[in-house]
1. For the chain, with a Gaussian network of springs between Cα atoms less than 10 Å apart, report the residue from 194, 20, 45 with the top mean-square fluctuation.
2. Label-point separation (nm) for residue 222 and residue 194, each offset 7 Å from Cα along Cα-to-Cβ?
3. In nm, to one decimal, how far is the modelled label at residue 203 from the one at residue 175, with both set 7 Å along Cα→Cβ?
4. Quick one: net charge around residue 109, please, counting Lys, Arg +1 and Asp, Glu -1 for every other residue with C-beta under 14 Å from its C-beta.
5. Would you list which aspartates and glutamates come within 13 Å of residue 191, measuring only between C-alpha atoms, while excluding same-chain residues fewer than 8 positions from it?
6. Below 15 angstrom from the Cβ of residue 187, what's the summed charge of the other residues (Lys, Arg +1; Asp, Glu -1)?
7. Would you mind classifying the stretch 60-135 by shape? Square roots of the alpha carbon gyration tensor eigenvalues, ordered a ≥ b ≥ c; an a/c under 1.5 is rounded, otherwise it is prolate if a/b is larger than b/c and oblate if not.
8. Summing Lys, Arg as +1 and Asp, Glu as -1, what charge do residues with Cβ under 13 Å from the Cβ of residue 4 carry, residue 4 excluded?
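Just so it is clear, none of the values below were taken in a lab; they were calculated from the coordinates. Quantities reported herein were computed from a predicted structural model and do not represent experimental measurements. Backbone-built Cβ (ideal geometry, glycine too); neighbour counts: all protein chains shown.
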Amino acid sequence: MQLRSAARTDIGQVRYHNEDRLLCDDALRLYGVADGIGGLPRGADAAQLAVELVQDGIRDLAGGACRLANLVREINAAVVALGRRVSPHRGIGTTLTFGLFRDGHLDLAHVGDSRCYCLRNEKLACLTTDHSVENEARAKAAQGRPYWYNPLQGGALTRCIGQFANLEIDTFHRRLRDGDRYLFCSDGITKQIDETELATLLAAAAAPDEIIRGLVDLASRRGGYDNASAVLVFVDKAE
């Protein structure tokens, strides 16, 4: 399998701290993003611990079966424990979306509203679903279960790394294809760049680092209201 990757993060124009953390480990073929939750203290600490524990956990899984959901639960417990020490009344939290590229497949784990996209045959698909109040309401409505919410709170997260209750983790397994391009990004990107634009930018005949720099710089030029972070992976050869 032949991959090329690039990663970039920017604090933006408004925030005083960058609480995004990136995973771009070519040796492990491990890529992703964690976005410390605004409104809670120590978001950067939560995100940093999460990405460090992902890397440690994947190293331990080398050569064996990959059980990403169990790993994420262990990471959640560690972030909860840190939150009890540094923010006992409110806790701490982060999103976490990452993918392991192995044996011609992608194994993906996702909690929160960071995203993973795949550009395949010039068509863009979002492989993750934001764990937000609005999306939960829509899912329940589709099942015929009335669910009221305040539209002003529609973007609030319903799941995060660091939550005390039992954590549900989305996992995904798919075969890679030659030419696939995978983007992992925080909402500082997706709130400023729509999916039509993303598809065009990701399809550019350019190297990963040039594309990723353009994405992050564009989000910043459009206001930079949040930290903007992205990791891009080209699958040049899947097998």
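1. Between 194, 20, 45, it is 194 that shows the largest mean-square fluctuation.
2. About 0.9 nm separates the two model spin labels.
3. For residue 203 paired with residue 175, the spin-label model returns 2.4 nm.
4. +2
5. 113, 130, 226
6. -4
7. Judged from the Cα gyration tensor, the stretch 60-135 comes out oblate (a/c at least 1.5, b/c at or above a/b).
8. Every neighbour counted, the sum reads -3.
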